Amino acid sequence: MSRESDRIPDRSSKVPLEYVRVPRARIVQAIHLIREHRVLLDADLAVLYEVETKALTRAVRRNQERFPEDFMFQMLKEEFEDLRSQSGASSQWGGRRYLSYAFTEQGVAMLSSVLRSPRAVKVNIEIMRAFVQLRRMVASQADLARDLAALEKKYDAQFKVVFDAIRKLMTPPEPETKRVIGFGEEEDTQSRSSEDA
């Protein structure tokens with residue numbers, strides 16, 4: 001259903017494709033967490049693909065049926081402002097008439113079928129590798145947190161006696177009750193002790 005006009009021109013045609021390198025660190029820095037999804041913004045993808053953002057979004061809008069909401073969504077104004085304030089570079093995404101589109105990993109994979117340029121294929125391969133790298137890092141952090149929790153439980157049990165002794169030492173002693181000396185009724189004794197206070 002896509003037309004020849006949907007094809008985005010590849011500005012990197014001067015450089016042979018085998019020499020085109022996309023730094024993975026640049027891709028990882030461009031991945032954001034929005035609505036509990038790891039996403040790349042249309043402007044960042046346009047830079048990676050070396051095309052204009054409006055050409056990329058135009059191609060996506062012409063193939064809207066390929067991009068359900070779990071593949072791509074348009075950011076809310078609050079989300080965009082939060083992201084802009086977190087990035088520290090207000091001009092990075094400035095001058096836009098519309099809110100950015102955010103592409104999930106599946107949406108980025110679908111972009112290669114829409115863009116159909118050698119550069120897009122090469123960039124998409126590197127983006128997929130970056131997403132895999134992020135998943136591995138998250139998994140290793142989860143393993144580390146699980147190991148730390150197990151160690152805490154283990155050492156809490158071993159040092160329970162020490163912790164109990166420390167807590168006992170930290171607990172203030174209970175006040176001793178004074179024994180009343182002399183004759184008198186209990187009420188008199190209580191009224192005297194309240195007068196003393």
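Side notes on the structure shown:
- Among the residues of the stretch 139-197, the ones that are loosely packed, with under 10 Cβ neighbours inside 10 Å, at pLDDT below 70 and of a type in the set (Ser, Thr, Tyr) come to 1 in all.
- Some residue of the stretch 92-101 being in a loop (DSSP other than H, G, I, E, B), modelled with pLDDT of 80 or more and under 23 Å from the mean Cα position of the chain (by Cα): yes
- Annotation for the stretch 18-31: no member residue is at pLDDT 80 or above and part of a strand (DSSP E or B).
- Each residue in the stretch 108-139 was checked for being more than 23 Å from the chain's Cα centre (by Cα), assigned to a helix (DSSP H, G or I) and not aliphatic (A, V, I, L, M), and 5 pass.
- Evaluation of ASN124 against the conditions (1) on the phi < 0 side of the Ramachandran plot; (2) at pLDDT below 80 shows that the sole unmet condition is (2).
The values are calculated or read from the model by the stated rules, or taken from the named source; none is laboratory data. Keep in mind it's a predicted model, so treat the numbers as computed, not measured. Note: ideal-geometry Cβ built from the backbone for every residue, glycine included; neighbour counts use all protein chains shown.
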